[in-house]
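> Once you've had a glance at the structure underneath, I'll fire off some questions.
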Amino acid sequence: MSKGFRRPKLYTGKPMHYCPGCTHGIIHRLIAEVIEELGVEEKTIGVGSVGCSVFIYEYLDLDFIQAAHGRASAVATGVKRARPDTLVFTYQGDGDLAAIGTAEIVHCAVRGEKITVFFINNAIYGMTGGQMAPTTIAGQKTTTTPFGRDVTTAGYPIRMTEMLATQEGTAYAARVSVHDPRHVLAAKKAVRRAFLTQQQGLGFSIVEFLSACPTNWGMPPRDALKWLAENMIPTFPLGEIKKPEGVE
Amino acid sequence: MEKVLMKGNEAIGEAAVQAGCRFFFGYPITPQTELPEYMARRLPEVGGCFLQAESEIGAINMVYGAASCGERVMTSSSGPGISLKQEGISYLAGAELPCVIVNIMRGGPGLGNIGAAQADYLQAVKGGGHGDYRLLVLAPASVQELYDLTITAFDLADTYRNPVMILGDGILGQMMEPVVFRPAAEIKKPAGEKEWAVTGRKGGRPARLISSLHIVPENLEKHVNKLMEKYRRIEEKEKRWEEYHTADAEVLLVAYGTSARIAKGAVDRLRREGLAVGLFRPITLWPFPAAELAAVAENCRQVLVVEMSAGQMVEDVRLALGGKLPVHFYGRTGGMLPDLNYLVQLVRELIKGGGGGE
Ligand SMILES: Cc1ncc(C[n+]2csc(CCOP(=O)(O)OP(=O)(O)O)c2C)c(N)n1
Ligand code: SF4
């Protein structure tokens, strides 16, 4: 084994059910590593959502709440208000956060809830088998846009993180990707900054991950990573959109 | 004991605070808005948190979060907002989270109106949301009872790890009556952290999970069976009702909440005329005091159900009585109230054998 590669202590050891080449697993690892490095596992509460990641609580050895589809940020609000000393994060897909849960996430940011949101944008509904997501890019084929997303009838891909960053309650907002090691490292830094933002009580923090769904994109894993880089990044530019001072 | 004059909605809020509720998530809707307004003033005084959510969906999910932490928590609304909460209520019941949900009923369906009504009975007692679950449903009939039953609601929620609904109506919520508070020492509160609550894995204890998901069919069936077993225990222990002049009643009125107050007025008038009329008032709508009602009705000739609906509780009354005696119905809808004079006349005619009422 190469130096530094070990299973995060926060992994339960249960085998993950994700498809080969799915990047949900990489994102789980980044979150686990940062929680471990910050030494906050005994004060962290995770709020899972409905989507392929619904079993995240099986994999990360943390207190967890399973929330209804789209409602994770409202549930997290209830938790954080009841336990202001804890670190609270949600883990939500693009259908969950950017379609059915739009009202909840916008107002969570508006209130500046001191929680951290991990938003997994794979441009598709994974769990239900590949339907259009609000983040499906123009022209992308899904089972409900069989001829490609026609923006004149199905609308345009939604850029949630930019939109949330405009809110005063949002203290940290970044979009990252996990399609290659360099980007994975940058993504980890964003996870860390988001948690630090929360720890310092600065406001709402969100990290959007561009993530691959080879199964529903209908591609082998390697092609999926390439497709992500070439097609998703132009629609969803990477970078830190908002960063508070003093958070490194 | 000193009496305090209070509005119904405010009495609920004060009772919640006295019962140790420190979290309230709500959204304005008439005729319950005095309750969130009261909590917005009152909770900061006791170090609690009031939050006006973006919607009733947001509010009920915030309840889910705070209840997951083991806190006593409340939300309130009326018809349209309660409909929006149904998804969350099903999740709360599935995850066995204690909380108190107040529905100060107004006229429906749809936007209906803001008048007092009792047309959400079936939604409250038969489910409302998806799946096999039950809420405990309490039906107060006075401001004092709103206060008392709110405290009871928090106890029941914690005892059974189940959401409890207080089903009031616009008249109860808005009217003012004197209330006697209970001494603080007599109000039970949970001691310490609930052993299932998520708090962060303090001291390295094993992780806890709050969830209503059981992906394996065998496991979900087992979970549902466990809920059913809990509901059976609740049915055995928690039925509450009031009997008023029932011992020799020839005609038995059955009504709850504001309808029961009107029915009581009718009983008093008819008793003064020497007519044998009584009232059975369910206080728990679920569990419904079915056997108790059947026992009281044993020596009656006819039953008359009075509701501010087109006929909802009457279904449970008919089930309880199993066709043994005629069950008549008098209901008003749309924010209209049962008319006392009409009701009195109706009972006189029933006694004369003039029938009617159906
Ligand atoms: C109220 C409700 N509507 C619909 C569903 C069905 N459903 C489950 S997951 C999902 C979408 C998941 O997509 P996403 O959030 O993008 O997550 P992914 O599976 O791609 O990780 C839907 C529509 C549901 N569970 N609840
Ligand atoms: S369907 Fe897509 S998002 Fe879901 S596990 Fe498979 S690859 Fe991952």
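> Would you be able to tell me the number of residues in region A:99-127 that are within 16 Å of ligand 2 (Cβ to nearest atom) and open to solvent by less than 10 Å² (accessible area, probe 1.4 Å)?
Summing the residues that are within 16 Å of ligand 2 (Cβ to nearest atom) and open to solvent by less than 10 Å² (accessible area, probe 1.4 Å) in region A:99-127 gives 6.
> How many residues does region A:68-98 hold that are open to solvent by 10 Å² or more (accessible area, probe 1.4 Å), in contact (Cβ under 8 Å) with a residue 40 or more places away in the chain and within 16 Å of ligand 2 (Cβ to nearest atom)?
Summing the residues that are open to solvent by 10 Å² or more (accessible area, probe 1.4 Å), in contact (Cβ under 8 Å) with a residue 40 or more places away in the chain and within 16 Å of ligand 2 (Cβ to nearest atom) in region A:68-98 gives 1.
> Just to be sure I understand, how many residues within region A:81-96 are within 16 Å of B:Met62 (Cα to Cα) and more than 8 Å from chain B (Cβ to nearest Cβ)?
4
> Name the single residue that is farthest from B:Glu235 (Cα to Cα) among those in region B:115-154 being more than 14 Å from the chain's Cα centre (by Cα) and surrounded by fewer than 24 Cβ atoms within 10 Å (Cβ to Cβ).
Step by step, filter region B:115-154, then rank; the result is B:Gly115.
> Across region A:203-230, what is the total count of residues that are in a helix (DSSP H, G or I) and within 16 Å of ligand 2 (Cβ to nearest atom)?
Final tally of qualifying residues: 12.
> Which members of region B:101-111 meet the condition of being open to solvent by less than 50 Å² (accessible area, probe 1.4 Å) and either assigned to a helix (DSSP H, G or I) or over 13 Å from B:Ile89 (Cα atoms) (or both)?
Residues satisfying the conditions are B:Ile104, B:Met105, B:Arg106, B:Gly107, B:Gly108.
> Pairs only if they're at least six apart or on different chains, beta carbon under 7 angstrom, first in region A:178-205 and closer than 21 Å to A:Glu42 by Cα, second open to solvent by 30 Å² or more (accessible area, probe 1.4 Å); list them, first residue then second.
Close Cβ pairs satisfying both conditions: A:Lys188/A:Glu33; A:Arg193/A:Lys243; A:Phe195/A:Leu38; A:Gln198/A:Lys114; A:Gly201/A:Lys114.
> In addition: Only one residue in B:Ala95, B:Ala53, B:Ala66 is more than 20 Å from the chain's Cα centre (by Cα), within 12 Å of chain A (Cβ to nearest Cβ) and within 17 Å of B:Arg134 (Cβ to Cβ). Which one?
Of B:Ala95, B:Ala53, B:Ala66, the one residue that is more than 20 Å from the chain's Cα centre (by Cα), within 12 Å of chain A (Cβ to nearest Cβ) and within 17 Å of B:Arg134 (Cβ to Cβ) is B:Ala95.
> Suppose we keep only residues that are over 21 Å from A:Leu97 (Cα atoms) and more than 16 Å from ligand 1 (Cβ to nearest atom) within region A:194-220. Which one would you say is farthest from the other protein chains (Cβ to nearest Cβ)?
Ranking the qualifying residues of region A:194-220, first place goes to A:Pro220.
> Within region A:44-67, how many residues turn out to be facing chain B (nearest Cβ under 9 Å), crowded, with 24+ Cβ neighbours inside 10 Å and not in a strand (DSSP E or B)?
Count: 3.
> Looking at region A:105-116, I want the residues that are within 8 Å of another protein chain (Cβ to nearest Cβ) and have a partner that is of a type in the set (D, E, K, R) and open to solvent by 10 Å² or more (accessible area, probe 1.4 Å) with Cβ atoms under 6 Å, at least 6 apart or on another chain. Which pairs are those?
A:His107/B:Glu54
> Within the bounds of region B:46-60, is there any residue that is open to solvent by less than 20 Å² (accessible area, probe 1.4 Å), assigned to a strand (DSSP E or B) and of a type in the set (Val, Ile, Thr)?
no
> Sticking with this structure for a sec: Of the conditions (1) within 9 Å of chain B (Cβ to nearest Cβ); (2) touching a residue at least 40 places away in the same chain (Cβ under 8 Å); (3) within 16 Å of ligand 1 (Cβ to nearest atom); (4) open to solvent by 10 Å² or more (accessible area, probe 1.4 Å), A:Thr12 fails just one. Which one is it?
(3)
The values are calculated or read from the model by the stated rules, or taken from the named source; none is laboratory data. Fair warning: this is a prediction, and the values are worked out from it, not measured in the lab. Backbone-built Cβ (ideal geometry, glycine too); neighbour counts: all protein chains shown. Side chains are part of the model used for accessible areas, which takes the heavy atoms of the whole protein and leaves out ligands, DNA and RNA. Shrake-Rupley method; radii C 1.70, N 1.55, O 1.52, S 1.80 Å.
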